[in-house]
Amino acid sequence: MNLSTAIKPETTINHTKTESFKISENIAPQIPKTINIRWWWKHHSWAAYELVNGIKVMSDRQMALIVGQSKGNVKNFVQSNNLQVIPVQIPSKVIIQGHTLPTVATYLHQLLKEDKLEQHPLSLSRNEWKELIKALTNNDVQNREPLVPNPRFFSRNYQIVSAKPIQIKLDNNMTLEILAMPSGEYRIGYDEGLNCIQCNPNWLLEDSPKKAKTLAQLKLSPSPVKCLIPASDGIKQIYTLSCDDWLSIWEYFANKGNRRATAILKACAKESISFRVAKLLSSR
């Protein structure tokens, strides 16, 4: 599966009693993965999760803290108003039903309308509550830029190029999305390159000095390219690395026992990525 900035959230609500559950390895790639963040408004902040496409969500508990209500009240409000939820995998590998920031804003707006925020621990004025609600509503729209790769290693002076996606087949029924640039270079998105070996795409995103050292040891290029891909609902924005960089990354994970990484390396040794793309295009 290809995670990208055009993930379409589920619009149905899960009414099962189970709040969360451990996922099996087979279905893990089908659920959007997240990283831990804190969402800030003025000098206040709340824990939340962020998807690769920049959308922020909160769990029942996190939403309960910001609205000053119980988890039960949160669930009842979301279900009774048929509000949007997004099944996501949080860093502990548990699947939860995530609530977007506009959903949080909707609940706060209702509580403000019913004068139920007077006893809230934040003790905000009515105008301040309105400001917070507006910030929650707008934040989801304004922050859908893709998360940038580890800033401890990768440069922010990246090139922006339009690209064409090409799906190639590898051995063992594996597929890989290649992005063809106008220059003739082929690149692979950071989510695609890690998802294909069933590795968390956040491995390249985490702001970690330790990871930056590992990336330097792999001799990756510190200058990613952001590719713009036409999509039915707009333009996907994907940070990419070169095929050579990905061979180094896959070799790193293969040495750690990742069998899918080993299988991809063997497939690439048999027929290179560029050869497979050329063969696919010539057959059309």
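The values are calculated or read from the model by the stated rules, or taken from the named source; none is laboratory data. These numbers come from a predicted model, not from an experiment. No Cβ is skipped: glycine too gets one built from the backbone with ideal geometry, and neighbour counts run over all protein chains shown.
Determine which single condition residue 190 fails, assuming it passes every other condition in (1) in contact with a Ser or Thr (Cβ under 9 Å, 6 or more places away or on another chain); (2) at pLDDT below 90; (3) of a type in the set (Ser, Thr, Tyr); (4) over 25 Å from residue 54 (Cβ atoms).
Condition (4) is where residue 190 drops out.
Which residue is nearest to residue 228 (Cα to Cα), if the candidates are limited to segment 121-138 and must be modelled with pLDDT of 90 or more and more than 30 Å from the chain's Cα centre (by Cα)?
Going through the qualifying residues, I end up with 128.
Filter segment 196-224 for residues that are over 24 Å from residue 160 (Cβ atoms), of a type in the set (Ser, Thr, Tyr) and assigned to a loop (DSSP other than H, G, I, E, B) and give the result.
Across segment 196-224, the qualifying residue is only 208.
Among all residue pairs at least 6 apart or on different chains, which show Cβ distances below 8 Å where the first residue, located in segment 80-105, is in a loop (DSSP other than H, G, I, E, B) and the second is surrounded by fewer than 14 Cβ atoms within 10 Å (Cβ to Cβ) and of a type in the set (S, T, N, Q)?
Pairs found: 84/11; 90/36; 91/36.
On the basis of being of a type outside the set (D, E, K, R), under 23 Å from the mean Cα position of the chain (by Cα), surrounded by fewer than 20 Cβ atoms within 10 Å (Cβ to Cβ) and assigned by TED's automatic domain parsing to the domain that holds residue 46, does residue 83 make the cut? Spell out the reasoning first.
Working: of a type outside the set (D, E, K, R): yes; under 23 Å from the mean Cα position of the chain (by Cα): yes; surrounded by fewer than 20 Cβ atoms within 10 Å (Cβ to Cβ): yes; assigned by TED's automatic domain parsing to the domain that holds residue 46: yes.
It is true that residue 83 is of a type outside the set (D, E, K, R), under 23 Å from the mean Cα position of the chain (by Cα), surrounded by fewer than 20 Cβ atoms within 10 Å (Cβ to Cβ) and assigned by TED's automatic domain parsing to the domain that holds residue 46.
Name the one entry in 161, 141 that is surrounded by fewer than 11 Cβ atoms within 10 Å (Cβ to Cβ) and either aliphatic (A, V, I, L, M) or modelled with pLDDT under 75 (or both).
Working: 161 fails: surrounded by fewer than 11 Cβ atoms within 10 Å (Cβ to Cβ).
Result: 141 is the single residue among 161, 141 that is surrounded by fewer than 11 Cβ atoms within 10 Å (Cβ to Cβ) and either aliphatic (A, V, I, L, M) or modelled with pLDDT under 75 (or both).
So, of the residues in segment 40-86 that are in contact with a strand residue (DSSP E or B) (Cβ under 6 Å, 6 or more places away or on another chain), closer than 16 Å to residue 121 by Cα and not hydroxyl-bearing (Ser, Thr, Tyr), which turns out to be modelled with the lowest pLDDT?
46
Have a look at 282, 248 and point out the one that is in contact with a Lys or Arg (Cβ under 7 Å, 6 or more places away or on another chain) and assigned to a helix (DSSP H, G or I).
Values: 282 fails: in contact with a Lys or Arg (Cβ under 7 Å, 6 or more places away or on another chain).
That would be 248, the only listed residue that is in contact with a Lys or Arg (Cβ under 7 Å, 6 or more places away or on another chain) and assigned to a helix (DSSP H, G or I).
Show the residue pairs meeting these rules: Cβ distance below 9 Å; 6+ apart or different chains; first residue within segment 154-179 and in a strand (DSSP E or B); second residue among the aromatic types (Phe, Trp, Tyr) and crowded, with 18+ Cβ neighbours inside 10 Å.
If the second residue must be among the aromatic types (Phe, Trp, Tyr) and crowded, with 18+ Cβ neighbours inside 10 Å, the pairs left are 166/186; 178/186; 179/186.
Got at least one residue in segment 232-240 being assigned to a strand (DSSP E or B) and either among the aliphatic types (A, V, I, L, M) or not assigned by TED's automatic domain parsing to the domain that holds residue 185 (or both)? Steps first, please.
Residues of segment 232-240 assigned to a strand (DSSP E or B): 234-240.
Checking the rest, the ones that are also either among the aliphatic types (A, V, I, L, M) or not assigned by TED's automatic domain parsing to the domain that holds residue 185 (or both) come to 235, 238.
Yes, that holds for at least one residue.
If you take the residues in segment 86-123 that are among the aliphatic types (A, V, I, L, M) and surrounded by fewer than 17 Cβ atoms within 10 Å (Cβ to Cβ), which one is nearest to residue 57 (Cα to Cα)? Can you show your working first?
Kept after step one, since they are among the aliphatic types (A, V, I, L, M), are these residues of segment 86-123: 86, 88, 90, 94-96, 101, 104-105, 108, 111-112, 117, 122.
Pick out the ones that are also surrounded by fewer than 17 Cβ atoms within 10 Å (Cβ to Cβ) and you get 94, 122.
Details: 94: 14, 122: 21 Å.
Selected residue: 94.
Just give me the residues in segment 231-284 being acidic (Asp, Glu) and without any contact (Cβ under 8 Å) to a residue 40 or more places away in the chain, in sequence order. So that I can check it myself, show each step before the final result.
Taking segment 231-284 and keeping what is acidic (Asp, Glu), we get 233, 244-245, 251, 271.
Result: 244, 245, 251, 271.
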